[in-house]
1. Determine which lysines satisfy two conditions relative to LYS224: a Cα distance under 20 Å, and not lying fewer than 8 residues away in the same chain.
2. Using a 1.4 angstrom probe, figure out how much accessible area the chain has per residue, in square angstrom, rounded to the nearest whole.
3. What number in nm² do you get for segment 27-164 if you take the convex hull of its Cα atoms and divide its surface by four?
4. As a check on your grasp of the helix formula, calculate [θ] at 222 nm for the chain: sum -39500 (n - 2.57) over DSSP H runs of n ≥ 4, divide by the residue count, round to the nearest 500.
5. Say R0 is 30 Å: what FRET efficiency, to the nearest 0.05, do GLN216 and TYR85 get from their beta-carbon distance?
6. Quick one: P(r) of segment 179-239 from all Cα-Cα pairs, 10 Å bins, percents rounded to integers, in order of increasing distance.
7. Pop a pseudo-label 7 angstrom from the Cα along the beta-carbon direction at both THR178 and SER281 and give the gap in nm to one decimal.
8. Percent relative contact order of segment 168-284, based on C-alpha pairs within less than 8 angstrom and at least six residues apart?
Amino acid sequence: MTTPVGLPLWLLAELTYRCPLQCPYCSNPVDYAQYNQELTTQEWFDVFDQARQMGAVQLGFSGGEPLVRQDLEELVAYAHKQGFYTNLLTSGMGLNESRIARLKEAGLDHIQISFQASDPTVNNALAGSKHAFEQKYEMSRLVKQYDYPMVLNFVIHRQNIDQIEQIIELCLELEADTVELAICQFYGWAFENMQGLLPTKEQVVRAERITNEYRQKIEELNIKCKLIFVVPDYYEERPKPCMDGWGKIFLTVAPDGTALPCHAARQLPIQFPNVRETPLSDIWYESASFNQFRGDDWMPDMCQNCPDKERDYGGCRCQAFMLTGDAKNADPVCGKSPYHYLIEEARSQSEAPVPFEDLLFRNPKNSKLLSQEQLIPTRTVMD
């Protein structure tokens, strides 16, 4: 069935793959170093112009670490002038009060800061920086002072999931308006480190229970803080509607200008077009790659006949490719998929995790900053 092509309402501008941190769950391509020909300031202006003309209304600046780009304020100002709602997704590294003030003046609407953990030692070991936690903490305070919505992101995984109480307490201390507690989705570096990052089912259940307890407490105390808890696909029986459908509303432009229907799609054996060579409108509406998984003609018979296909759009194509070798296969997360055993095997392997010191780090720096014993937190009375 052919599905009408919608508007690319959400543009993600991956300004760079450069980053001062070493996170072992980084969503950037494992071979990111190959893609070092970043779009220039003027080329990004042209992308913004084209996307806005096509109907895009929200623009996220990400990376790598977008603050590495010295023209970030200029890019924000241009996007603001074009009418975008702008969102900076940052680790906070490279941020300071002067830069926050300049971004505010440029018209930046929203800043999301990510932490690796609530415990400084664990945070810094995962980040590969001895001062990362202190920097993030200070910048979170400044973001609040400059009247931005306080949005914090914690990628939750085996190495920090047992600190869920402390993580939420930190967010409340920082007066966060919104907190995303997103258990690791396994793409990029996270896929390479799955056996060291995938929590057990018991850990996931405990973390969700504690989050719900805090939600109730927050409501009773009339505290303004929204906790979003995202369960990993690997503990679901039905796939999520990945990106709300392939090429449906999300458009990513990578640092070198490659246009993608999602930030993880680069790993697929598909030739994606480049904004340096092809107009964005042609990419979105006409390119073979953006049309490849639209609608349901591409689906295997079992998916075409599934009543849930209008809800989950067949699940994640990247996940299907990584686990089965063919992006057209039924998403293994689905309990009906003939490949669901791969998910069950991953769950089983989570019972015997790879130790912290054996994780594959993106930019190995200080990966031996702490011992395995230091990763076992003291649990609170909420247990």
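1. LYS144
2. About 42 Å² of surface per residue is accessible.
3. The Cα convex hull of segment 27-164, projected and averaged over all directions, gives 9.3 nm².
4. After summing the helix terms and dividing by the residues of the chain, the value is -9500 deg cm²/dmol.
5. 0.40
6. All Cα pairs, binned at 10 Å, distribute as 20, 44, 25, 10, 0 percent.
7. 3.1
8. 24
The values are calculated or read from the model by the stated rules, or taken from the named source; none is laboratory data. All of these numbers come straight from a predicted model, not from anything done at the bench. A quick note on method: Cβ atoms are made from the backbone with ideal geometry, for glycine too, and the neighbour counts reach across all protein chains shown. When the accessible area is computed, the model is the full protein with side chains, heavy atoms only, and any ligands, DNA or RNA have been set aside. Shrake-Rupley method; radii C 1.70, N 1.55, O 1.52, S 1.80 Å.
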